[in-house]
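A quick write-up on the structure given underneath.
The values are calculated or read from the model by the stated rules, or taken from the named source; none is laboratory data. These figures come from a predicted structure and were not determined experimentally. A quick note on method: Cβ atoms are made from the backbone with ideal geometry, for glycine too, and the neighbour counts reach across all protein chains shown.
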C-alpha cells in the first residue's frame, strides 16, 4: 500500500473526532441505501416485466401468419415453414368476435378456434387449464376464462349461448349452445374475461370458412427474443402477400411502456445516490478543514499537490466503494427475502410471491453509476485540499 492509500485509509477509519467518524458512517450508509433501493426496484420491475412476457408468450404464438380473407390451404403453408431454422412447430387458428347471451345480458367475446393436438406445441394454453381436459375436449365443447366463469357463475358442464354475426356466403347469423369443457386462468384479466376457445372445426362453422381455411397460422420459435430473424426467413419463403407479425409487434407499446417505466424509476432512484454524494462532499470538506495542519506538513516535506488531491479523492472513492458493496449485499439479500417470503394476492397478480429477477447488466449499471457519482463528489474537496498553501496551513503552529 503506497502512502496515498495509507493516509486516505487512516483518515477514513482513524479520525480522532467522533464527528468525522459519524460523517463517514452517514456517507457510507447513504450510498448503501441508494444502491440497495436501486437493485430492489429494478429487480422487481424486471421480474414483473418477465412474468408478463411469459404470460403473453404462453397465450400468443411467437409468430402469426395471416392474410386478408384467411389463409387458404394452411397445411401446405405449414409444410413450407416447418423446415426453417429456428421453427419448433406451427398450428392453424381462427379468431373472430362473437356475442355471449346470458339471460337478458349480451357481452362481446373473442372466440379462438384451435387444433388442441398442435396448439400445445406453440402456446401454453393447456398449462393454464385449471378445470377440464384440454386434449380430450370434443368439437362441440368450449373453454372459457376463469373471470368470465366467475362473473356468470359458470362451471364444467354448463351450457352457454353463442351468437355470431352473419358472415361468409350464407350472410346469416349463427347461434348455438356450447357445453363448457374447461376453464383456464392466465392471470391476465383481458384474456380470462374476453377469450373463449373452441375447436378449429367449430370455429369454421361459426365463421362460415372452408375446411382448409384458417384465419392464420401460429408459429413457435426456438428463441422468442430473436423472433425477427425467423420472421424475415418466413417472409422470404412464402412471399410478402402474407402478413407476418411477431408477439413483439403485437405488444410493442406495452413493453416500451414497461422499459420506460423501469428506466424512469432508475433515474429517480439514482437521485438518492446523488443526495448521498452530498454527504461525501461534506465529509471531505470537514476532513480537509480538520487536517489543514497535516496538509501543510505534507506540502512542506515536498509532497506534490497531485498526491494531496489523490489522497482525498481516494478517501471519497473508499466511502463510495464501501457504500456500494454494502448496498449490493443489502439489495441482493432484500431481493431474496421478497422473492422467498413476501406473498402477494394471487387473485390479483396470479402469482403468490414478488417476482424479483436480478440481471447482471442492471446491477453493473447501478454499480458504475454509484462509483461515478462518488468520484464526482470528490473533485471539489480534493482540489480545495491541493490548493492550500503551506504557509497558510502552518501559520498558527
* In this structure, does residue 172 turn out to be assigned by TED's automatic domain parsing to the domain that holds residue 100, surrounded by fewer than 19 Cβ atoms within 10 Å (Cβ to Cβ) and at pLDDT 85 or above? -> no
* To do: Spot the failing condition for residue 244; the list is (1) out of contact with any helix residue (DSSP H, G or I) (no Cβ under 8 Å at 6 or more places or on another chain); (2) in contact (Cβ under 8 Å) with a residue 60 or more places away in the chain, and only one is missed.
  => (1)
* Structure fact -> In the stretch 86-121, anything outside any strand (DSSP E or B) and touching a helix residue (DSSP H, G or I) at 6+ places or on another chain (Cβ under 7 Å) is listed as 86, 115, 119, 120
* Hey, does the stretch 276-292 have a residue that's in the same structural domain as residue 385 (by TED's automatic domain parsing), in contact (Cβ under 8 Å) with a residue 40 or more places away in the chain, under 19 Å from the mean Cα position of the chain (by Cα) and part of a helix (DSSP H, G or I)? -> no
* Regarding residue 24, is this residue closer than 30 Å to residue 235 by Cβ, assigned by TED's automatic domain parsing to the domain that holds residue 315 and either surrounded by 22 or more Cβ atoms within 10 Å (Cβ to Cβ) or modelled with pLDDT under 85 (or both)? -> no
* Kindly indicate the residue of the stretch 58-103 that is out of contact with any strand residue (DSSP E or B) (no Cβ under 7 Å at 6 or more places or on another chain) and surrounded by 18 or more Cβ atoms within 10 Å (Cβ to Cβ) and also farthest from residue 195 (Cα to Cα) among those meeting that condition. => 60
* Asked: Restricting attention to the stretch 369-378, does a residue exist that is part of a helix (DSSP H, G or I) and either farther than 28 Å from residue 39 by Cβ or free of Cβ contacts under 8 Å to residues at least 24 places away in the same chain (or both)?
  -> yes
* To do: Quick one: which strands (runs of 3 or more DSSP E) lie wholly within the stretch 161-265 and hold at least 2 residues that are farther than 16 Å from residue 81 by Cβ?
  => 174-184, 195-199, 213-221
* **Answer residue from the stretch 332-359, given it is over 18 Å from the mean Cα position of the chain (by Cα) and under 23 Å from residue 33 (Cα atoms) and is modelled with the lowest pLDDT among those** => 342
